[in-house]
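Read through the structure below, which is laid out as structure tokens, and then see the notes.
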Amino acid sequence: MPTGSDTLWDIAIAEVEKRENPEGDGKGVEISEKSILFMGNKNGGKTTIILRCLDREEIPKPTLALEYTFGRRVRRHNTPKDVAHFWELGGGTSLVELIRIPITSSNIRAFAIVLVLDLSKPNELWTTMESLLQVTRNHVNKILTKLGKTNPEVATEIKQRMWNNLQKDHPDYELVDPFPLPLVIIGSKYDIFHEFDSEMRKIISKTLRFVSHYYGASLVFTSKSEALLQKARVLINNLAFGFDKSKSVSVDHSRPLFIPAGLDSLNQIGPPPASDSDIGKLRANTPLELWKKVFEKTFPPTSSCDLQYTKDPAQDLQYAEYEVDVMRAQKKQLVERRHCLM
């Protein structure tokens, strides 16, 4: 029975549960709820990945602003299905402030991030990644600071969980800076990336391996290929429903990368792809900054990247509503007439 504090999503989920399980109310069984925010390059393939994870045969549509859907999985027969909330941020980096809507103090314990980076656009790669992760991290840290005052046990639990993917005896334990939420980095459009010059592929692959390892993230390259999408799905299902994630690893730069969190090392990745003399000329305060400078020397960032998001959602036909659009047109005419009289 919905309560006054239930959100629209709570009511919708309860209704679906009632329809799918009419004979039992599932009392006494704990239902797991996880939330995942997908973000990354505009037109980078986020929607396609989400639809594949949910087994939906739909034609992907451009994402405007922030969109929501959910998936359900059953753990065993005659038990309620676990729920995963899927949020998708559209507009590349231009609407990043909207992350404050899905990521809240009430769900942060069960929240994860999937960052989708378009491998076919290396000149946008670092800017997109840095902008999205930086704003997200700042927002999460603000939540953790508040929780530290109101619910210190939860704040401590989340901070300790950041290190779960890295064993204390890992040689890089003191050299990395894990992201505050579980993170999966997906390099999309591998089919296009595979046609790049081998040296370019090596630089991009090594850089993403370093970034992923530094942030305690999993890394996978994918495309529209069913086999590669399935590998991404394995990692996402781990975040969404707690399914086991594969222990297999692929670090060969001539093949699609697949590296679950904690299974790489700085020694295996090697130094930034530049000569010692070039590295010596670069001024960097942190290893991450050094890798950034080396990467952007080969792939200078595109000016403004995909930061500008000029499409007006009100003009998109997929959101057309006759009555609303007529009222909006009338209001617009009224405003224009007033301006003319002033």
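Taken together, the values in this text are just the output of simple stated rules run on the coordinates, not laboratory data. Since the structure is predicted, the reported quantities are computational estimates derived from the model, not experimental observations. Backbone-built Cβ (ideal geometry, glycine too); neighbour counts: all protein chains shown.
Measure off 7 Å from each Cα along the Cα-to-Cβ vector at residue 65 and residue 150, then give the distance between these two points in nanometres to one decimal. With each label point 7 Å from Cα toward Cβ, the separation is 2.5 nm. For residue 146, the lysines whose Cα falls under 25 Å of its own Cα, not counting residues fewer than eight places away in the same chain, are 34, 159. When the trypsin sites (Lys or Arg not before Pro) in region 32-63 are filtered for DSSP coil states and for at most 13 other beta-carbon atoms within 10 Å of their beta-carbon, the remaining sites are 56.
Modelled this way, with points 7 Å down the Cα-to-C-beta line, the labels at residue 252 and residue 169 are 3.0 nm from one another. Restricting the chymotrypsin sites (Phe, Trp or Tyr not before Pro) of region 159-208 to loop positions (DSSP other than H, G, I, E, B) with no more than 11 neighbouring Cβ atoms within 10 Å leaves 173.
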